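Data first, discussion second: the structure below is written as structure tokens.
The values are calculated or read from the model by the stated rules, or taken from the named source; none is laboratory data. Everything numeric here is computed off the predicted structure, so don't read it as measured data. Virtual Cβ from ideal backbone geometry, glycine too; neighbours counted across all protein chains shown.
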Amino acid sequence: MTIQNEVAVFGGGCFWCTEAVFGSMTGVVSVKSGYCGGHVQNPSYEQVCTKQTGHIEVVRIEFDPALVRYDDLLEVFFATHDPTTPGRQGNDVGPQYQSAIFVQSPEQLASAEAAIAELNRSGRFADPVCTQLLPAATFWPAEEMHDDYFALHPEQSYCHFVIAPKVSKFKKQFSDKLKN
């Protein structure tokens with residue numbers, strides 16, 4: 001009997017950052033940037049940037065549960081963005097940058113609730129976690145120009161100053177979870 005791949009959908013600020021982190025993780029089959037949670041069908045990046053569509057920038061992660069647990073994905077998710085700032089990540093401000101998890105199953109919801117409760121108990125963050133736990137929603141893939149953005153544009157200033165440090169931190173902190 002073969003185990004089927006599962007899906008996780010995370011909004012951790014700019015999807016370029018989140019895609020770059022999860023794309024190098026063992027057990028992750030694919031990562032696709034996109035949008036979830038809004039009221040516009042098939043939104044464009046420009047529409048989402050107006051802050052009027054209700055969408056959150058997310059990544060859809062397909063993963064092999066035989067190689068990586070959902071709880072491991074949650075651990076990396078919470079370690080590689082600030083889940084305590086509503087509607088922003090650093091200089092990226094707006095509702096599209098909200099920390100969010102679009103839960104795909106009751107098991108994912110229970111795991112996410114437990115992770116947030118533990119983070120709040122631990123005192124790891126000065127402020128409470130404000131990550132929204134939202135029901136599964138239509139995932140709208142972002143335009144192709146967003147695919148592998150960091151890998152294709154490492155010289156771009158946003159990539160150099162924002163994404164590269166996040167990826168470096170991930171690789172240092174989670175070296176045991178990197179693809180070979």
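Return a yes/no flag: does region 117-128 have any residue that is touching a strand residue (DSSP E or B) at 6+ places or on another chain (Cβ under 8 Å) and of a type outside the set (D, E). Within region 117-128, not a single residue is touching a strand residue (DSSP E or B) at 6+ places or on another chain (Cβ under 8 Å) and of a type outside the set (D, E). Checking each residue in region 8-31 for being outside any loop (DSSP other than H, G, I, E, B) and surrounded by fewer than 18 Cβ atoms within 10 Å (Cβ to Cβ) picks out V29, S30. As a summary of the residue check, H146 satisfies the conditions (1) at pLDDT 95 or above; (2) touching a strand residue (DSSP E or B) at 6+ places or on another chain (Cβ under 6 Å); (3) surrounded by 16 or more Cβ atoms within 10 Å (Cβ to Cβ) except for the one numbered (1).
Exactly one residue out of C130, C159 is surrounded by 14 or more Cβ atoms within 10 Å (Cβ to Cβ) and either of a type in the set (G, A, S) or in a loop (DSSP other than H, G, I, E, B) (or both), and it is C130.
Among the residues of region 162-179, which ones are free of Cβ contacts under 8 Å to residues at least 60 places away in the same chain, exposed (fewer than 11 other Cβ atoms within 10 Å of the Cβ) and not acidic (D, E)? Matches in region 162-179: S168, K172, S175. Every test in (1) surrounded by fewer than 17 Cβ atoms within 10 Å (Cβ to Cβ); (2) of a type outside the set (F, W, Y); (3) part of a helix (DSSP H, G or I) is passed by I116 save one, and that test is (1). Residues in region 35-81 that are among the aliphatic types (A, V, I, L, M), in a loop (DSSP other than H, G, I, E, B) and touching a residue at least 40 places away in the same chain (Cβ under 8 Å): A66, L67, V68.
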